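Here the structure is laid out as structure tokens; the discussion comes afterwards.
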């Protein structure tokens, strides 16, 4: 392969990662639709679960969502009473987001269903390969 040639489309890493993501999300999308929740809303609910609250910037970092998207998602979640927001005491520029009781209830309903899908993925790949996959993806992200 010459330096100026592109690698074969099948060996294109972004496309391979996208195909894998779509395959994995295919396991979870029916569950999300069942509860009328978007993938991004679920990310926010999962990130907040078990936490006393997160500042918006920390939540954006944790969920890999851009601030304008997160703002829109939080508005929708607040309207559904899944989350509450309040200003950080002593600094009105910062906002703290907390999971409300409805958000916790959705998490508790979805968690066992989600975990069952993870078990299917693990059964397909095997525990060792799945662990290796997580390690490789983390290495790539670092």
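Of note:
- For region 35-45, the tally of residues that are touching a helix residue (DSSP H, G or I) at 6+ places or on another chain (Cβ under 7 Å) and free of Cβ contacts under 8 Å to residues at least 24 places away in the same chain stands at 2.
- Residue within region 98-112 that is surrounded by 14 or more Cβ atoms within 10 Å (Cβ to Cβ) and closer than 29 Å to residue 140 by Cβ present: yes
- Taking every residue in region 112-129 that is at pLDDT 95 or above and pairing it with any residue that is surrounded by 10 or more Cβ atoms within 10 Å (Cβ to Cβ), at least 6 positions away or on another chain, the pairs with Cβ-Cβ distances below 6 Å are 113/31; 117/27; 117/28; 122/130.
- The residue of region 80-95 that is nearest to residue 31 (Cα to Cα), among those that are surrounded by fewer than 18 Cβ atoms within 10 Å (Cβ to Cβ), touching a residue at least 12 places away in the same chain (Cβ under 8 Å) and in contact with a strand residue (DSSP E or B) (Cβ under 8 Å, 6 or more places away or on another chain), is 84.
- Contact annotation: residue pairs with Cβ atoms under 8 Å, 6 or more positions apart or on different chains, pairing a residue in region 10-26 that is closer than 20 Å to residue 38 by Cα with a partner that is part of a helix (DSSP H, G or I), are 24/121; 25/39.
- Yes/no for residue 14 being at pLDDT below 95, loosely packed, with under 12 Cβ neighbours inside 10 Å, out of contact with any helix residue (DSSP H, G or I) (no Cβ under 7 Å at 6 or more places or on another chain) and assigned to a helix (DSSP H, G or I): yes
- Residues within region 35-45 that are surrounded by fewer than 12 Cβ atoms within 10 Å (Cβ to Cβ) and part of a helix (DSSP H, G or I), tallied: 1
- Check on residue 77, in contact with a strand residue (DSSP E or B) (Cβ under 8 Å, 6 or more places away or on another chain) and assigned to a helix (DSSP H, G or I): yes
- Identity of the residue in region 46-79, within 12 Å of residue 100 (Cβ to Cβ) and free of Cβ contacts under 8 Å to residues at least 24 places away in the same chain, that ends up surrounded by the most Cβ atoms within 10 Å (Cβ to Cβ): 78
- Residue 129 being under 17 Å from residue 28 (Cβ atoms) and surrounded by fewer than 12 Cβ atoms within 10 Å (Cβ to Cβ): no
- Test for residue 32: is it in contact with a helix residue (DSSP H, G or I) (Cβ under 9 Å, 6 or more places away or on another chain), surrounded by 12 or more Cβ atoms within 10 Å (Cβ to Cβ), modelled with pLDDT of 95 or more and more than 24 Å from residue 120 (Cβ to Cβ): no
The values are calculated or read from the model by the stated rules, or taken from the named source; none is laboratory data. Just so we're clear, the structure is a prediction, and the values are computed from it rather than from any experiment. Positions of Cβ are backbone-derived with ideal geometry, glycine not excepted, and every protein chain shown enters the neighbour counts.
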